Each structure stands twice: as C-alpha cells, then as structure tokens.
Amino acid sequence: TTAAGTETLRERLLASLVTARDRTTLLTSCVEDPDLTAQHSPLMSPLVWDLAHIGNQEELWLLRNVGGREAMRPDIDVLYDAFEHPRSERPSLPLLPPEEARKYAAEVRGRALDLLEGADFEGGSRLTEAGFAFGMIAQHEQQHDETMLITHQLRTGPAALTAPAHDPVPPYTGPAEVRVPGGPFTMGTSTEPWALDNERPAHVREVAPYWIDTVPVTNAAYQAFIADGGYDTERWWTPEGWAHVRRNSLKAPLYWRREGHQWLRRRFGVTEVVPPEEPVLHVSWYEADAYARWAGRRLPTEAEWEKAARHDPATGRSTRYPWGDADPGPEHANLGQRHLSPAPVGSYPAGESPLGVRQLIGDVWEWTSSDLEPYPGFAAFPYREYSEVFFGPDYKIMRGGSFAVDAVACRGTFRNWDYPIRRQIFAGFRTARSESD
Ligand code: AVJ
Ligand code: FE
C-alpha cells in the first residue's frame with residue numbers, strides 16, 4: 001500500500017465514524033431525556049442504553065484492544081454487555097443518565113480519533129489490517145442507529161423525526177421476474193476489507209436455475225393476500241407460523257390499521273394511507289413465507305438472493321453490489337436514513353443488477369428461506385458473540401439492507417438475521433421459484 005492509499009483509508013474511516021456519530025446524535029437529541037430512558041417496547045433497549053453501548057464497544061475494541069489502553073469505566077462494562085442482560089431488563093439497570101452517556105461516548109470518540117490519526121494499518125495485526133477494527137466500529141454504530149430508528153418507530157406520540165419524501169417514479173412496468181442461470185458462483189468474500197466474520201470466506205456455490213422477482217413484494221400485492229383471506233387459510237402457513245398468527249390474532253403487517261375500505265399505517269408518529277407501490281414492510285418471516293406460498297412461489301434461499309445480487313453473467317464474476325464494484329451512492333440505493341420509508345418499486349434504476357433485478361440493496365431487508373449457518377471455513381473474528389453463538393435453526397437470514405442502514409454496514413455479502421416472528425425490524429421480501437415449477 002502506498003502512503004497516499006493509507007491516507008485515503010484513514011480519511012474513509014474518519015468519514016464513516018463521523019457519519020455514524022452524526023446520526024447517533026440526531027437520534028438521541030430529537031426527543032427529550034424521558035424518551036431516552038423510557039422503554040418504548042420490551043423488544044428494545046432504552047435509547048440511552050444504545051448510546052452508551054456504542055461508546056462502550058468503541059472503547060473496548062479501539063481504545064483497549066487496538067490502543068492497549070486501560071478501561072475508562074470498568075464498572076460499566078457489565079451494564080452494556082448485550083449478553084449480560086436481555087433488552088427487557090435494561091431499563092431497570094443503573095444505566096448512565098443521558099448527559100453522562102453522551103459525555104462518555106464523546107470522550108471515547110475523542111481518544112479513538114487520536115488513535116486513528118497514528119494508526120498503522122499494516123502492522124501485521126488482523127484487527128488493524130486495512131482498518132478493520134475502525135470499520136467494524138463504524139458498522140456497529142450504524143447497526144445500532146438502525147436499532148434506534150426501530151425504537152423511534154415503536155415510540156408513540158408526536159413525530160420527532162422528518163425526512164424528505166421520495167422522488168416520484170413512473171409505475172414499474174418491467175418484467176415481474178427474471179431467470180437466473182444455474183451453475184456455480186462465488187458466494188461470500190475473502191477480500192472485502194471490512195466484511196464481518198460471517199461473510200467469510202469466499203467459496204463456490206452451485207445453484208440450480210431459478211426465477212426471482214425483479215422488485216420487492218408491494219403493499220398492493222400484500223393487500224391482495226389479505227383480501228383473499230390469507231391470514232385465515234391454514235394451508236399457506238407452516239405449522240409454527242399458523243400457530244403464531246392464531247395465537248396473536250395477526251391480520252396485517254405491524255402498524256397497519258383498517259379504516260372503512262382502506263388500510264392506514266402509523267409511520268414515525270404520522271398516520272397515512274398505506275402506499276400501494278411501496279415494498280411491504282414490518283412483516284415476519286412467517287408472513288413472508290405464507291404470502292409466497294399463496295402466490296404459488298417461495299422465498300429465495302440466501303444463495304439465490306446473493307447470486308441475483310452479485311453474479312455477473314457476462315464475466316462469471318461476483319461483484320460487490322448489483323450495479324458493480326462502486327461504493328453505494330444516492331443514485332444506487334435508498335440507504336442511510338435519507339428517507340424514512342422504502343422507495344416505490346421500480347426506483348433506483350441505476351442500482352439494478354445485470355439481469356435487471358432492482359432494489360436488492362436498501363429499502364427493506366429481505367427475508368430468505370435460509371437459517372443463519374456458517375460458511376465452509378468460517379472462523380469467528382474478532383469475537384464469538386458477533387455471529388457464532390447465533391448459528392443454528394432459530395434465526396432466519398435477511399439480505400440487502402433497509403432504508404435505515406448506512407452503506408458502511410450493507411454489501412452484497414452482508415448477512416443479517418432475526419427470529420421468524422419479528423416484525424418491528426425494517427423487513428420485507430421478494431419471492432422466487434425453481435425453474436422446474
Ligand atoms: C447482526 C443486526 C443481528 O443488532 O443484534 C449489534 C448486530 N451485534 N451489536 C444486532 C449487532 C452487536 C446484530 N445484527
Ligand atoms: Fe451492539
């Protein structure tokens with residue numbers, strides 16, 4: 001690496017950390033302190049927990065592990081270790097009050113930036129190689145910025161956040177699905193410098209030919225499923241899914257409410273008519289899976305999703321993103337909380353894949369049929385609790401990222417996961433079918 005390359009890397013790391021902190025600051029200053037310490041849902045931490053946890057992880061990985069510094073506040077580690085206390089218990093912990101949490105996170109950040117200024121990215125440590133630890137911490141903060149936006153959406157009361165509406169797009173008139181050829185493709189990565197352990201290593205996967213939706217499933221399409229009695233028809237559901245919708249009397253996505261002949265939804269403190277052309281949002285894996293069966297289709301496997309997003313049939317190579325190897329720009333995808341909703345289907349033509357699949361990156365996390373499993377050759381790094389402890393059948397994989405996640409934490413290889421019942425997350429889906437069907 002040249003000296004200029006090192007400085008470019010340093011600037012990119014700095015920019016990623018600053019972007020994340022600007023967002024964190026907004027999300028924790030747009031409401032009054034009581035809204036930061038309150039628990040808006042037992043599914044989520046109080047916002048003030050996320051804030052200090054962001055600082056604590058940064059202190060742990062950058063100041064202590066990379067910098068070799070002593071703990072600043074050894075007494076608080078146990079409060080902000082996500083494995084010590086479940087989210088529902090966090091409000092009753094002696095958490096740092098908002099002003100102290102802000103001060104702590106800012107103090108850690110000041111020292112981390114000092115460390116970044118003199119950091120050597122080629123010193124032979126895997127943690128600092130290509131700036132990994134700094135990139136990991138920027139991603140971690142952005143992941144919690146998405147988590148905090150989920151909490152903001154759960155919070156009731158007047159709106160605290162606003163964002164511009166999407167540019168209008170003509171109704172999408174492209175093909176509904178495209179055929180992806182069968183054969184091998186490279187899944188995962190060994191070269192993406194800030195890729196997390198579960199995305200590694202790159203390996204070859206065989207996939208049989210299949211068809212996949214060119215755009216995510218829309219609210220209009222999902223309403224047709226509801227209108228056709230989808231929630232009352234057992235055969236569309238897995239046994240677990242059916243038990244879950246019955247037990248909880250689910251009738252529609254989270255935040256939807258029927259009024260007269262139309263569906264309304266609550267979105268960041270505002271109630272509005274559900275926009276028909278927007279990707280459906282706030283559905284569980286069970287609902288996505290049932291919809292797909294009703295439509296005579298199925299969810300794509302994780303490998304099918306990634307092949308659609310990365311395989312370039314012209315070269316046989318896997319690219320970083322559907323549009324190629326360039327980092328995401330505002331023309332490619334709806335990312336980074338620039339908007340507070342997914343964009344209508346057919347948006348972002350510059351972000352489409354060579355086969356014409358749109359909006360794979362951004363808008364909504366897309367449920368796949370796959371469980372979270374390690375790739376062959378997986379090695380936990382830098383800590384087992386990032387991914388390894390979650391491997392197994394309990395979690396379903398989501399791909400592609402939502403409007404709420406920043407580009408730094410979103411790639412063609414990025415893997416997200418949650419329980420199949422979860423709906424508060426910014427998740428939707430698209431469907432697929434096998435060639436032989
Ligand atoms: C990968 C999004 C499931 O939010 O629980 C944040 C990311 N890990 N802090 C989560 C994460 C540790 C994780 N997900
Ligand atoms: Fe975390």
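No lab work stands behind these numbers, since they all come straight from the coordinates. Computed from a predicted model, the values in this text were never measured in an experiment. Methodologically, a virtual Cβ is constructed for each residue, glycine included, from the backbone with ideal geometry; neighbour enumeration extends over all protein chains shown.
Placing unit charges on each Cβ (+1 for Lys and Arg, -1 for Asp and Glu) gives the chain a dipole about its Cα centre, and among Tyr172, Leu96, Ala427 the Cα reaching farthest toward its positive end belongs to Tyr172.
Each Lys and Arg adds +1 at its Cβ and each Asp and Glu adds -1 at its Cβ; summed about the Cα centre, the chain shows a dipole of about 980 debye. Cα gyration tensor of the chain, axes a ≥ b ≥ c as square roots of the eigenvalues: rounded (a/c below 1.5), prolate (a/b > b/c) or oblate? Note, shape of the chain comes out oblate. If amide H atoms are built 1.01 Å from N in the plane of the peptide, which residues on other chains or at least 5 residues away come under 5 Å of the amide H of Phe381? Excluding prolines and chain starts, which carry no amide H, the hits are Asp197.
Each residue of the stretch 35-51 was assigned a 3J(HN,Hα) from its phi angle through the Karplus expression (A = 6.51, B = -1.76, C = 1.60, θ = phi - 60°), giving 6, 7, 8, 6, 9, 7, 6, x, 6, 10, 7, x, 4, 5, 5, 4, 4 Hz with x at Gly and Pro. Report summary: the helix-based calculation at 222 nm, which adds -39500 (n - 2.57) for every DSSP H run with n ≥ 4 and divides by the residues of the chain, gives -9000 deg cm²/dmol. Residues whose amide H comes within less than 5 Å of that of Glu177, counting only those at least five positions distant or on another chain, are Thr214 (H built at 1.01 Å from N in the peptide plane). Note on the stretch 1-153: Rg/Rh from Cα positions, Kirkwood definition for Rh, rounded to two decimals, is 0.99. In order along the stretch 59-71, phi translates into HN-Hα couplings of 4, 4, 7, 8, 6, 7, 6, 7, x, x, 7, 6, 4 Hz, rounded to whole numbers, per the Karplus curve 6.51 cos²θ - 1.76 cosθ + 1.60 with θ = phi - 60° and x for Gly and Pro.
Each of Leu60, Met187, Val408 was scored by the projection of its Cα onto the charge dipole of the chain, and the greatest displacement toward the positive side belongs to Met187; charges sit on the C-beta of Lys, Arg, Asp and Glu. At full extension, Val389 and Glu117 could sit 94.5 nm farther apart than now, given 0.36 nm per residue minus the alpha carbon distance. Applied to the stretch 279-284, the Karplus parametrisation 6.51 cos²θ - 1.76 cosθ + 1.60 on θ = phi - 60° returns per-residue 3J(HN,Hα) values of x, 5, 9, 6, 10, 6 Hz, with x for Gly and Pro.
Only lysines eight or more places from Lys396 in sequence, or on another chain, were considered; those with a Cα closer than 24 Å are Lys251, Lys307. Backbone amide hydrogens, once placed in the peptide plane, bring His332 within less than 5 Å of nothing, excluding anything fewer than 5 places away on its chain.
Only beta bridges with both residues in the chain are counted; by DSSP, about 95 percent of them are antiparallel. Rounded to the nearest 20 debye, the dipole magnitude of the stretch 162-235 is 200 debye, with +1 charges on Lys and Arg beta carbons, -1 on Asp and Glu beta carbons, and the Cα centre as origin. A Gaussian network model of the chain, with springs between Cα atoms under 10 Å, assigns the largest mean-square fluctuation among Ala404, Ala326, Ala138 to Ala326. When the Gaussian network model of the chain links Cα atoms closer than 10 Å, the mean-square fluctuations of Thr173, Thr368, Thr25 top out at Thr173.
The overall shape of the stretch 267-369, judged from the alpha-carbon gyration tensor, is oblate: a/c is not under 1.5, and a/b is no greater than b/c.
Taking GluC sites (Glu not before Pro) as candidate sites, keep only those in a DSSP loop with at most 15 other Cβ atoms within 10 Å, then name the longest stretch of the chain containing none of them. Excluding the exposed sites themselves, the longest stretch runs over 123-330. Dipole check for the stretch 336-417: with +1 at the C-beta of Lys and Arg, -1 at the C-beta of Asp and Glu, and the Cα centre as origin, the magnitude is about 200 Debye.
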